[in-house]
Structure formats: structure tokens, C-alpha cells
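Asker: Input: one structure, supplied below.
Just so it is clear, none of the values below were taken in a lab; they were calculated from the coordinates. As the structure is a prediction and not an experimental result, all values here were calculated from the model. Here the Cβ positions follow ideal geometry from the backbone for every residue, glycine too, while neighbour counts run over all protein chains shown.
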Amino acid sequence: MQWNIALNHDLLEEVRKKFPAELAEQINYELLKLAAGLLMPGHKLEKLKNGFWSLRLNKDLRLILSAQEGTLVPLYVDHHDKAYQWAERHRAEFHPKTQEFQVVRIKVEEQVVVKKTEVHAPLAHYPEEYLHDLGIPLHYVATMKLADIDRALELASELGPLIQERILSLLENKPVPLPPKVKVEDPFHHPSNRYRYLLIETKEELKQALFGDWEDWMVFLHPVQRAVVDQDYRGPAKATGAAGTGKTVVAIHRAVRLAQENPEARVLLTTYTRTLAEALKDGVARLAGGLENLEVEHFDRLLTRWHTKGLGKKLSVARDKQIEEALKRAAEEVGRPEWASDLFLFNEWVRVVDAWGVRSLEEYLAVDRTGRGTPLSQARRRELWPVFDRTRSLLVSRGLETWGSRTRTLLENLEKLPRFDHVVVDETQDLSPIQLKLLRAIVPEGDNDLFLVGDAAQRIYQTRVPWRRLGIETVGRSQRLWINYRTTREIANFAVGVLPEKVTEAEGEEVAPKALSLLRGESPEIQVFAQPNQEVSALANWLRALIEQGYDTEQTAVVARTKKLLKTRGASAVKRAGLPSRFLEEGGQGPGVSLATMHRVKGLEFRAVAVIGVEDGQVPNDFVLKQAETEADREALLELERQLLFVALSRPREKLWVSAAKQPSPFLPAKH
């Protein structure tokens, strides 16, 4: 290639939003020709001041680039006059202290409109040299020291995301160490620049970057994420973080890293939900292609394969209705305690007996019932156990078993199961205790043996289980990701507003569910309609408008609390908009707007998401709340319902549309 290209994904996203699809594609082709040496100075390239070049795209549009020792960096696209004015006001440089590539305004001092004595300047007490060493351009430092918090945030927004993080941490009175010194021959290979810029050296690489999928950009890792991926741990470790902090990307990179570093090692990457498991497979394929020693699979599918092929078992997994029937018959046969209703028996079975794989009275007497709400004495557990013991016998007699029973059977036959050297688990918070026990058992204790990724605020299936009681100790080996790379600040703040101020992690530590989002965008759109048919009509209009704005159907989703809502309102709106759709509940593939329940959308992300039917009775769901027999049970279920809504609201990167018919959900903010 004539030039190397340092490509920033943010610019490509801006172009796609700002210009029609045909023009955005033309810009990509011009970059491809430039990199191939087909465009020479004087042809479409014009040298400007401040080290910039202008690339003529058509009679009106110009692309401003920075030339850095054989590398061109596309920076800005606009109409002729605006592009040239932008170039006159900015310059590009490598920061002398941190080596971070920066695009900064030439003059900032002129915009100071307040004096230090008139307002609180939160950064005033920091030495200028320290602020400069953090990566703040020298000519920004004096202004930053005089600025109030709003002005400081405004100035920070002009700088790169890593510097923004440091400034925001200072504003929150958090200690900020100086960035480590890293020597590299090419500054674009510096970790801080590798995070933001993809250095492209061949035409094939550039073509893939320009015309490939958005997900291909997962090669970028923030330095904090990179540190978690590359860290070696002497035992189990965990990485937690709020929605959008890149936990899944970290899990993918770590699994790939472990597999590539030791081709003889067997590595497993797994998760609880089917749709996320498919996303993990796709992510590994994009990042590393095929790795024979890395297995990526949905956890339930693994259990089934090991159960049938490894043990030769052929029992089917019982559905909830079949379990309810077996419990009712068992209670009639052996006699039930008067205080135990059918509903109580079912919940106790699902959330305690089966979740822990309990098989005997002794185990039931000792089991941890954290999260059940209603305490049970030893005497009452003895009263209940004959019902549960008979229930299991009845299921087996019908050729049925439960997921907990299947997992317990596998635990008792470990010698027939495959073993792994490293196991990486995404969305760990939704695995049951017996499932976590099995994962602990299939990987021998050692360096980097078990790596667990999750977020307590997104727990939607299981109640909290202290991992240390399962033989998994991560104290001193944990990292929390706190920068949201996916969602705009407006969407992130709205989503976290449905949660309490603190959530409890697996080991009992309380953390704030909020992450710091550096992206800015549109505020969520909240609509409340008198009737469901009005909601359907408005949603159809919103979807059509998205397509007109250049959004692909594959990057758009409609999410609802139940399948019924999804079909009666979501599918109807998509059809009315004249768009194809795919039901993720049914394993839908191919092009189309994704239709998914709040449970199924877990772990996925889209550019635009509509969360519909967020109304009283649906969220929280009345049917679910009726399962509560005590106030403590009700509070536990309400917590899961809140977290389920949070999962749905935190899926979009750019646009969020929330709707309700009649009375909106009490979880939504009062002002909407």
C-alpha cells in the first residue's frame, strides 16, 4: 500500500449517521483507493495547514486527514467550507507524555468566561505538570484548572476517551495514577492508540474494516479490559461490571488468548443463554477464526451432550407443568404439611431442591436457602422432604428429569466427562449452584483455571449464591469494569434509574450498578398510549423512520416481557411497517428486525431497541408476583423483575424507544 491507514471506528459510525448510505460507501471506496496508492497529491488530495490533508469526495464534500510519518488518519467529513474551517481550528499530535494520538482545538483559552474566584473549580488544586502528565494537552491545562465542573466536562468531551476517564475520575475525587510508560517504535502501536485506532497495512485489512460488520471491531480493547484479559491468576478469578462495559468482549478475548498461548490446553467458553452462546461463537470466529482447542457452547447443550454420549442416559428434561403435576401427586400420596401450598412446593423445588441438586434429607437439611425469603426450620424441612423425594421418583418413572438432577448425575460421574485446563463463563450470575459446582469440577485447580464474568444487576434467573460455598474463592482475584463503551450516557442513565443505588455481588459486596458512559446521544423516547393499537401504530412509524435514517433491520430489535405481547404488538408493528422480522425465541435467523422477550435479549446489543408493553401488570409481571407467598418472597421477585427491565433497557447503543398502553410500569421514572 502507498499509505498505512489508522482507522477510528467512531468516524465510520459518524459518517453512517450523518450521510446517506450511498455516500458513506463512496467515502469508504475513496479511502480504499487512497490506501492502494491510486490517489496521489494533486489529484484528489490537497495539503492544508497544521499537517492536515483534504480528500475531495465530490464537488462539495471533503474528508480531512492527518499525515503522521507514512500513516494517514481520517478525522473529519463535512461540506467544503465547514471541513476547511474545522481544519483551521484543530491540530493533530501525539501527546509528549503519554504518546496518545490527540486531535485538539488550537485555542481554548478564549472560551474562559468565569474567574476562579467566582465558581468552584474542582481541578484547581492539581499541579499543572500532573494534569499534563495525565494526557491533558498543555494548552488546555490552565483553562481546565479554572473551569467549573460543567466547563471541565465540556473540555473533557473534546479529548480522547482515556483522558476523559481520567478527568471524570478526578472530578469524582478518585485517585488517578499516571499512565504507564510504554516504548514502541510506531506510536500507533501504543496500547492507548491501539484501543482507538486500527492500524491497517494491507488493502485486504482496510476492505474488511470499511465494509465488514460492526462486530468486527471487537478487536479493540480498552487498556483496562486488556489488563483483565492478559492478567494471570493463581486460581479462580472474576470480572464484573455494569451493562455495556464490555464483559462479553473480555470473556471472548480471554478465552482466545488462553487457547492461542497454549495450543495443547483445552479451553471452554460457555454461558447460560442460547442466544448469547451463539453470539460468543460468532465473536470467537471473528476474532480468531477456528481454534481446535477452544470449545464454545451453550451450557445446557453441553449438559445434554455429556449426558447422552458420555453416560448413555436418555431421560428428557421435564417442563414446569410436568414438575407441578408430579409435585401435586407426590403431595397427595405421601401427605403434605398444611402450611405448604402447591405454589410454595413448586418454588422450593425450583429455587432450592433442584437448584442445588439435592438428593437426600441430609443434604436438604444442610442446603443454603439464601434468597428464598421464607425461613424453614429443620423440623419443617423434614416434613417437606418426603414430597420432594417422591416427586423425583415420579419424574424418573415417566422418563423425565430436571436440569438440576441431570447436572448432579454428571457430577457423580466425573470420570466419564471431558476435562478442561481453562474455563471462561459469561453471565455467571444466572447459573445455579449445582451448575457452578460442575464447572468447578471439570477444570482442575491451577493457574487461570476458572474465569467468571457477570453482573449482579442483570441477574434474572437465580437468586444470589455465595461462590465460596461452592468451592470457588475469588477474593483478591477480581476486577470491576466501570466504563460503558456501548450505550450513550442518556440511555445508560435512564436504564440504571430502574435499579436501586446498590446491588449485591456473589460474595456479598455491594456495588453501584452505574457505569461511566463517555458516549453522548439522544434521550430515550417514552410513549404512553390509551390503547394497545395506538402503541402498535406508533411503533410501526418509529421503525419505518429508523430505516429511512439508514438503520439496518439486523441492528434493530423489539423487546417485550412476554411472548404474547411480542406477537400481538411487536410482530404486528413490524409487519405494519413492511419490514421482515425474526423471532429469537424460535431461533430465528437471517435478515429482519429481531423480536425477543426480555429474557432472550440477555447479552445481546443493537443500534436501536424498542421496549414495548412496559405497563403495570406486565412489568412487574402479575403472574410472577402471584408466586410470592410472603412479603420477603415478593421483594425477591420484584428485584428480579427490575433487573429484567434493566437488561432490556440497556441493550441499545444509540436509540431507545419505550412504550406502554394505559398505565405505565411503576418501575419507570415518574417523569416520562
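Asker: Based on other C-beta atoms within 10 Å, arrange Asp342, Asp282 from fewest to most. Show your work: numbers first, answer last.
Answerer: Details: Asp342 12, Asp282 15.
Ranking Asp342, Asp282 by Cβ neighbours within 10 Å, fewest first, gives Asp342, Asp282.
Asker: Could you please tell me the mean projected area of the C-alpha convex hull for the chain, averaged over all directions and given in square nanometres to one decimal?
Answerer: Value for the chain: 32.9 nm².
Asker: Moving to a separate point now. Run the numbers for Arg286 and Glu548: contour at 0.36 nm per residue of separation, minus the present Cα-Cα distance, in nm. Walk me through the intermediate numbers first.
Answerer: Values: separation 262, 0.36 × 262 = 94.32 nm, distance 2.91 nm.
So the extension gain works out to 91.4 nm.
Asker: Here's something else I'd like to know. Treat the count of other C-beta atoms within 10 Å as a stand-in for reagent exposure and order Thr556, Thr308 from fewest to most.
Answerer: Thr308, Thr556
Asker: Please list 234-240, 18-24 highest first by mean number of surrounding beta-carbon atoms within 10 Å per residue. Display every interim value, and only then the final one.
Answerer: On the way: 234-240: 21.1, 18-24: 13.1.
Highest to lowest by the protection proxy: 234-240, 18-24.
Asker: What FRET efficiency comes out for Gln589 versus Gln627 if R0 is 35 angstrom and r is the Cβ-Cβ distance? Round to the nearest 0.05.
Answerer: Values: r = 34 Å, r/R0 = 0.97.
Calculated value: 0.55.
Asker: In what sequence do Tyr84, Tyr29 fall when counting other Cβ within 10 Å, fewest first? Write down the numbers at each step before the final one.
Answerer: On the way: Tyr84 18, Tyr29 13.
Result, fewest neighbours first: Tyr29, Tyr84.
Asker: Taking loop as defined by DSSP and a crowding limit of 15 other beta carbons within 10 Å, which trypsin sites (Lys or Arg not before Pro) in region 251-327 fit?
Answerer: Working: sites: Arg254, Arg257, Arg266, Arg274, Lys281, Arg286, Arg301, Arg305, Lys309, Lys313, Lys314, Arg319, Lys321; in loops: Arg266, Lys313, Lys314, Arg319.
Loop-located and lightly packed - Lys313, Lys314, Arg319.
Asker: Just how far, in whole angstrom, is region 258-297 from region 550-584 if you go by their alpha carbon centroids?
Answerer: 30 Å
Asker: Here's another thing I want to ask about it. Using the basic label-point model (7 angstrom from Cα toward the beta carbon), what is the Ala366 to Leu153 distance in nanometres?
Answerer: Each label point is offset 7 Å from its Cα along the Cβ direction, giving 5.4 nm.
Asker: Can I ask one more? Among all the lysines, which ones have a C-alpha under 27 Å from Lys567's C-alpha, if same-chain residues fewer than 8 places away are not counted?
Answerer: Lys321, Lys575, Lys602, Lys626, Lys655, Lys662
Asker: Another question, if that's okay. Would you mind calculating the gained length between Glu501 and Glu473 on full extension (0.36 nm times residue separation, minus the Cα-Cα distance), in nm to one decimal? Present the calculation step by step, with values, prior to reporting the outcome.
Answerer: Working: separation 28, 0.36 × 28 = 10.08 nm, distance 2.62 nm.
Gain on stretching Glu501 to Glu473: 7.5 nm.
Asker: Would you mind listing how long region 4-187 runs along its three principal axes, going by Cα atoms, in whole Å with the largest first?
Answerer: Answer, in whole Å and largest first: 54, 37, 28 Å.
Asker: Could you list the GluC sites (Glu not before Pro) in region 293-393 that lie in coil according to DSSP, counting only those with at most 15 other Cβ atoms within 10 Å of their Cβ?
Answerer: On the way: sites: Glu295, Glu297, Glu324, Glu325, Glu332, Glu333, Glu338, Glu348, Glu362, Glu363, Glu383; in loops: Glu338.
Loop-located and lightly packed - Glu338.
Asker: Kindly state, to the nearest 0.05, the FRET efficiency for Ala67 paired with Asn293, given R0 = 30 Å and r defined as their beta-carbon distance.
Answerer: Working: r = 43 Å, r/R0 = 1.43.
Result of the calculation: an efficiency of 0.10.
Asker: Still on this structure, I have one more. Taking the Cα centre as origin and putting +1 on Lys and Arg beta-carbons and -1 on Asp and Glu beta-carbons, what dipole magnitude results for the chain, to the nearest 20 debye? Working shown, then result.
Answerer: Details: 95 positive and 95 negative charges, 205 e Å.
That gives a dipole near 980 debye.
Asker: Given all pairs of different Cα atoms, what value in angstroms does the Kirkwood hydrodynamic radius of region 421-533 take? Don't skip to the answer; put the middle values down first.
Answerer: Numbers: mean 1/r = 0.0609 Å⁻¹.
Hydrodynamic radius (Kirkwood, Cα pairs) of region 421-533 is 16.4 Å.
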